[in-house]
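Asker: I'd like to ask you about the structure that follows.
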Amino acid sequence: MQRREDDMIDKRVVVVIPAYNEERTITGVIRGLHRQGLTSLIVIDDGSSDHTAELAFQEGAILLRHVLNRGLGGALGTGIKAALHLGAEVIVTFDADGQHNPNDVPRLLEPITKGDADVVIGSRMLDPLGMPYQRCVANWIANVVTYLLFGTWTTDSQSGLRAFSSQAAARMRIMTRGMEVSSEIIAETVKNRLRRQEVPVKAIYTDYSLSKGQSFHVGLQTLMRLILAKVRRLTL
Amino acid sequence: MKPIQFILLACVLAALTKVIHSYQQRRMRTLNFLFWTLLWIGTASIIMFPDATSFVAHLLGIGRGADLIIYASLLMSFCLIFRIHLMLARLEQEITEIVRAIALGRLTEAVDSRGGDDK
């Protein structure tokens, strides 16, 4: 049984890693995923001006490059399309800033491989011990906004660690291009009536990963874009 | 008519000419053409008959005609800004689609030329 699980990870799970100027962490992230037996990694270099692309290529990732920076949502959309094109059965999204623990990935895959869920969100808020309180508050606000706009409650609407069955990924329509994509994905699970589960994950907070997250200013921009995304959804 | 009315009317006429020209050149859709034509004709009417705004303002419970114009202008500006926001969002989406198509066009090449040891 364990062997079958290992085979499944090798051949069918594709990890999508959106990366923008992540030369400090990308090598470690890819190596960590390799250690988990995850070898099909797609790195979307989102118009980086540093050596992210070269390093990802050296580590054996499938490297796709955006000629212009399109933001997290744009990069995720490209990665998910590429993964589907390559015949992935399960697609995992994984941040490139080193905040996720690759050891959490198997736990994310389990509900999908068992057929219990279509989408699994790695929630940092189910066990928030060690999370900076500013992050806790910011995440909670984002959860409330997501609930008010899209009518569904999650404990971590901004988590970048997620897994989708290929059927679920194919049905989701990602329109936003920035960090608001995280809430949009949650909205899409509701719209497409996908079975969603959350599993606890531990984020690795470093000064670097904290600097890469949403600042107050970016948070406000994200809120504005989310409201526009909601209006577009209503008008389309 | 006062000199200011002539100046303003000339501006409106210039704008209206531009609208008609754009429509003739097929750079404007019919709905947009009708909207802008009506807007500029309405503006010209207000310039020529300013007292008419006072009449409408009284009907709506607003003190002065000038206030009505300010309120209406503000409302229209907000609507326009919102439209421009939506238009920009659509443009951004289209740029993303192009960038994505370029990236995905090289997918096969990216898979074949994968670096590292575990190709």
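The values are calculated or read from the model by the stated rules, or taken from the named source; none is laboratory data. These numbers come from a predicted model, not from an experiment. Virtual Cβ from ideal backbone geometry, glycine too; neighbours counted across all protein chains shown.
Asker: Can you spot a residue in the range A:155-166 that is more than 19 Å from A:I227 (Cβ to Cβ), in contact with a strand residue (DSSP E or B) (Cβ under 6 Å, 6 or more places away or on another chain), among the polar types (S, T, N, Q) and surrounded by fewer than 21 Cβ atoms within 10 Å (Cβ to Cβ)?
Answerer: Yes, some residue in the range A:155-166 is more than 19 Å from A:I227 (Cβ to Cβ), in contact with a strand residue (DSSP E or B) (Cβ under 6 Å, 6 or more places away or on another chain), among the polar types (S, T, N, Q) and surrounded by fewer than 21 Cβ atoms within 10 Å (Cβ to Cβ).
Asker: Output the qualifying pairs, or none if there are none: Cβ atoms under 6 angstrom, residues six or more apart or on different chains, first residue in the range B:44-66 and in contact (Cβ under 8 Å) with a residue 24 or more places away in the chain, second residue of a type outside the set (A, V, I, L, M) and part of a helix (DSSP H, G or I).
Answerer: Between residues of the range B:44-66 that are in contact (Cβ under 8 Å) with a residue 24 or more places away in the chain and residues that are of a type outside the set (A, V, I, L, M) and part of a helix (DSSP H, G or I), the close pairs are B:I47/B:Q5.
Asker: Taking the condition of being of a type in the set (D, E, K, R), part of a helix (DSSP H, G or I) and within 22 Å of A:N103 (Cα to Cα), how many residues in the range A:30-60 meet it?
Answerer: Looking only at that region, the number is 2.
Asker: Further question on the same structure: So which residues in the range B:50-79 are within 22 Å of B:L9 (Cα to Cα), exposed (fewer than 11 other Cβ atoms within 10 Å of the Cβ) and of a type outside the set (S, T, N, Q)?
Answerer: B:D51, B:L74
Asker: Here is a further query. On the basis of being in contact with a Ser or Thr (Cβ under 9 Å, 6 or more places away or on another chain), hydroxyl-bearing (S, T, Y) and part of a loop (DSSP other than H, G, I, E, B), does A:S157 make the cut?
Answerer: Spelling it out, A:S157 is indeed in contact with a Ser or Thr (Cβ under 9 Å, 6 or more places away or on another chain), hydroxyl-bearing (S, T, Y) and part of a loop (DSSP other than H, G, I, E, B).
Asker: Note down all Cβ pairs under 8 Å where the first residue falls in the range B:13-33 and is of a type in the set (S, T, Y) and surrounded by 11 or more Cβ atoms within 10 Å (Cβ to Cβ), the second is in a loop (DSSP other than H, G, I, E, B) and at pLDDT below 90, and they're at least six residues apart or on different chains.
Answerer: B:S22/B:M28
Asker: Please give the number of the condition B:S73 fails out of (1) more than 22 Å from A:I44 (Cα to Cα); (2) in a helix (DSSP H, G or I); (3) over 14 Å from the mean Cα position of the chain (by Cα).
Answerer: Just one mismatch for B:S73, condition (3).
Asker: While we're looking at this one, here's another question. Looking only at the range A:113-128, decide whether some residue is of a type in the set (A, V, I, L, M), assigned to a loop (DSSP other than H, G, I, E, B) and more than 20 Å from A:L210 (Cα to Cα).
Answerer: Yes, some residue in the range A:113-128 is of a type in the set (A, V, I, L, M), assigned to a loop (DSSP other than H, G, I, E, B) and more than 20 Å from A:L210 (Cα to Cα).
Asker: Check B:E92 against each of (1) within 30 Å of A:V15 (Cβ to Cβ); (2) surrounded by fewer than 14 Cβ atoms within 10 Å (Cβ to Cβ) and name the one condition it does not meet.
Answerer: With (1) within 30 Å of A:V15 (Cβ to Cβ); (2) surrounded by fewer than 14 Cβ atoms within 10 Å (Cβ to Cβ) applied to B:E92, the lone miss is (2).
Asker: Quick check, is A:V29 more than 14 Å from chain B (Cβ to nearest Cβ) and among the aliphatic types (A, V, I, L, M)?
Answerer: no
Asker: Take the residues in the range B:88-111 that are within 7 Å of chain A (Cβ to nearest Cβ) and among the small types (G, A, S); name whichever of them is nearest to A:R65 (Cα to Cα).
Answerer: Among those that are within 7 Å of chain A (Cβ to nearest Cβ) and among the small types (G, A, S), it is B:A103.
Asker: When the range A:142-170 is examined, which residues are found to be modelled with pLDDT of 95 or more and more than 14 Å from the chain's Cα centre (by Cα)?
Answerer: The answer is A:S166, A:Q167, A:A168, A:A170.
Asker: Condition (residue is out of contact with any strand residue (DSSP E or B) (no Cβ under 8 Å at 6 or more places or on another chain) and within 9 Å of chain A (Cβ to nearest Cβ)) applied to the range B:63-75: is it met by at least one residue?
Answerer: no
Asker: Another question about this same structure. Which numbered condition in (1) out of contact with any Asp or Glu (no Cβ under 8 Å at 6 or more places or on another chain); (2) farther than 30 Å from A:E54 by Cβ; (3) hydrophobic (A, V, I, L, M, F, W, C); (4) surrounded by 13 or more Cβ atoms within 10 Å (Cβ to Cβ) is the only one that B:F82 fails?
Answerer: (4)
Asker: Of all residues in the range A:177-190, which are surrounded by fewer than 18 Cβ atoms within 10 Å (Cβ to Cβ) and either at pLDDT below 90 or under 25 Å from B:V99 (Cβ atoms) (or both)?
Answerer: The answer is none; no residue qualifies.
Asker: Name the one entry in A:G87, A:G73, A:G60, A:G98 that is within 10 Å of chain B (Cβ to nearest Cβ) and either in contact (Cβ under 8 Å) with a residue 40 or more places away in the chain or closer than 26 Å to A:K191 by Cβ (or both).
Answerer: A:G73
Asker: Between A:V137, A:V218, which is within 30 Å of B:R83 (Cα to Cα), at pLDDT below 90 and surrounded by fewer than 15 Cβ atoms within 10 Å (Cβ to Cβ)?
Answerer: Criteria check complete, one pass: A:V218.
Asker: With the checklist (1) closer than 19 Å to A:R70 by Cβ; (2) assigned to a helix (DSSP H, G or I); (3) hydrophobic (A, V, I, L, M, F, W, C) in hand, flag the one item A:M175 doesn't pass.
Answerer: Just one mismatch for A:M175, condition (2).
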